Amino acid sequence: MTRKLTSAKIRYLSVLYELSRDGTGVRSVDVARELNVSRPSVHSMMEKLRADGYIKKSSYGAAYLTERGKNTAARCAEEICRLTGSEAD
């Protein structure tokens, strides 16, 4: 079941998108460090993102954006840039 795309989910998707640009999986500890939140908070949000189909997790715990996750993160970044008048990297 897909739930509402909240501002918190957008923040996490944006960080996952940035940290996974090289195609490797993203560890929860890296997301926690980037967002300055606890690892349990990251774990909870990652489960929500997984349930919504935005990420998949490997057996080793690394998170990977699905096509849906990549597309959503890219669209959100474009919209934020449009609203703020800045350019995407």
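Just so you know, all these numbers are worked out from the coordinates, no wet-lab data involved. Just so you know, these numbers come straight off a predicted model, no measurement behind them. Cβ: placed from backbone, ideal geometry, glycine included. Neighbour counts: every protein chain shown.
In plain terms, the residue of Tyr54, Tyr17 with the fewest other Cβ atoms within 10 Å comes first and the most crowded comes last, giving Tyr17, Tyr54. By other beta-carbon atoms within 10 Å, ranking Lys56, Lys9 with the fewest at the front produces Lys56, Lys9.
Calculated on the Cα set of the chain, radius of gyration then Dmax: 12.5, 40 Å. Spin-label model, Asp22/Asn71: points 7 Å from Cα along the beta carbon direction are separated by 2.8 nm. Placing dummy labels 7 Å off each Cα toward the beta-carbon, the span from Arg50 to Val29 is 1.8 nm. FRET efficiency for Ser59 and Ile80, Cβ-Cβ distance as r, R0 = 41 Å, nearest 0.05? According to the calculation, E is roughly 0.75.
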